[in-house]
Amino acid sequence: MAKVAFIGLGVMGFPMAGHLKTKGGHDVTVYNRTAEKAAAWVEKFSGKSAPTPAEAAEGCDFVFVCVGNDDDLRQVSSGENGVLKSMKPGSVLIDNTTASAEVARELYEAAKAKGIDFIDAPVSGGQAGAENGVLTVMCGGDEAAFEKAKPVIDAYARMVGLMGPAGSGQLTKMMNQICIAGIVQGLAEAVHFGKRAGLDIEKVVDVISKGAAGSWQMENRHKTMNQGKYDFGFAVDWMRKDLGIVLAEARSNGAKLPLTALVDQFYGDVQALGGNRWDTSSLLARLER
Ligand code: NAP
């Protein structure tokens with residue numbers, strides 16, 4: 001059993017922190033900016049909460065963070081009441097936020113200067129993956145720190161991999177999002193085309209999903225897309241944040257991402273339709289305007 005803190009009890013963090021307590025059996029203290037959520041977590045999991053990130057992290061062996069973007073991450077890590085203020089030498093800071101590789105390298109250095117290990121560890125698998133404790137976790141950092149943290153991370157994960165030095169977890173997540181952007185646009189166009197052609201979408205997918213066109217998105221989203229329902233997971237606002245990170249990284253490493261840049265614009269159209277909180281399969285909605 002380890003002494004653990006978890007900062008950020010959103011859609012993802014709330015159940016992940018829960019698994020660290022119930023499945024992992026760890027001594028967990030949580031912090032959330034909106035105090036009501038921390039109180040709800042304490043009630044549900046009979047854990048403890050603290051009034052600031054620094055107080056939650058005091059004396060902990062492992063500190064987890066899962067907040068929104070780079071600036072949020074800086075605030076709760078190296079800000080005035082951030083966790084790096086109180087974490088002890090030899091402890092590990094694990095960041096599950098989807099953020100830039102740059103902020104990961106920055107925090108790795110800031111942590112190292114205090115004898116603390118940092119692992120960037122963005123996740124994929126969505127809300128359902130977090131609730132069921134079966135996330136995929138893509139890590140960047142030192143091998144020794146990873147080996148120490150992996151058994152703890154296992155409480156909410158099905159797949160945990162060390163991809164390389166600091167920032168490599170975030171770069172891996174970027175590849176993941178590039179793949180998703182292209183696949184979802186292709187699926188949206190296919191469903192749009194099928195409807196115009198008067199085909200039975202369910203029947204078509206039943207057949208083509210078994211062949212080379214099959215994908216997780218097709219399997220899990222075609223039905224709801226066909227019904228015009230876009231309330232099933234990862235929000236467009238989050239996807240635009242992620243694609244912004246991807247495109248900035250591509251500008252600095254010279255990668256050409258014409259399709260990703262285009263799909264990013266398409267998600268901008270969805271936002272203009274009022275779809276900020278719709279799930280990513282809502283690319284179909286802009287074709288059907
Ligand atoms: P969310 O439900 O919006 O929760 C965000 C959490 O971060 C909340 O607890 C929020 O506190 C906290 N927070 C944000 N800014 C903060 C700040 N400046 N200081 C302190 N706390 C702050 O988001 P989520 O869906 O859990 O996503 C979290 C991260 O995981 C994001 O980077 C997202 O891209 C990534 N992710 C999400 C999914 C998904 O399906 N949702 C999948 C993979 C990865 P309050 O409660 O006070 O607002």
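Some points to look at:
- First in segment 15-41 and of a type in the set (D, E), second anywhere and open to solvent by 20 Å² or more (accessible area, probe 1.4 Å), Cβ under 7 Å, 6 or more apart: D27/M1; D27/K3
- For segment 136-161, a residue qualifies if it is open to solvent by 30 Å² or more (accessible area, probe 1.4 Å) and either of a type in the set (V, I, T) or not assigned by TED's automatic domain parsing to the domain that holds K21 (or both), and exactly one does: T136.
- Output for segment 65-82, where each listed residue is assigned to a helix (DSSP H, G or I) and either hydrophobic (A, V, I, L, M, F, W, C) or surrounded by 23 or more Cβ atoms within 10 Å (Cβ to Cβ) (or both): L73, V76, S77
- Tally, over segment 22-53, of residues that are more than 12 Å from the ligand (Cβ to nearest atom) and open to solvent by less than 60 Å² (accessible area, probe 1.4 Å): 10
- Selected residue (only one of G214, G194, G244, G233 is surrounded by 13 or more Cβ atoms within 10 Å (Cβ to Cβ), among the small types (G, A, S) and part of a loop (DSSP other than H, G, I, E, B)): G233
- All conditions but one from (1) touching a residue at least 24 places away in the same chain (Cβ under 8 Å); (2) under 20 Å from the mean Cα position of the chain (by Cα) apply to Q75; the one that does not is (1).
- Condition check for F266: of a type in the set (F, W, Y), out of contact with any Leu (no Cβ under 7 Å at 6 or more places or on another chain) and at negative phi: no
- Any hit, segment 100-108, residues being open to solvent by 10 Å² or more (accessible area, probe 1.4 Å) and either assigned to a loop (DSSP other than H, G, I, E, B) or near the ligand (Cβ under 9 Å from one of its atoms) (or both): yes
- Residue match in segment 123-135 (condition: buried (at least 22 other Cβ atoms within 10 Å of the Cβ), of a type in the set (S, T, N, Q), within 16 Å of the ligand (Cβ to nearest atom) and not in a strand (DSSP E or B)): no
- Selected residue [within 24 Å of M175 (Cβ to Cβ) and either polar (S, T, N, Q) or touching a residue at least 40 places away in the same chain (Cβ under 8 Å) (or both)] from E106, E102: E102
The values are calculated or read from the model by the stated rules, or taken from the named source; none is laboratory data. Here the structure is a predicted model, which means the values were calculated and not measured. We place every Cβ from the backbone using ideal geometry, glycine too, and count neighbours over all the protein chains shown. Only protein heavy atoms, including side chains, enter the accessible area calculation; ligands, DNA and RNA are left aside. Shrake-Rupley method; radii C 1.70, N 1.55, O 1.52, S 1.80 Å.
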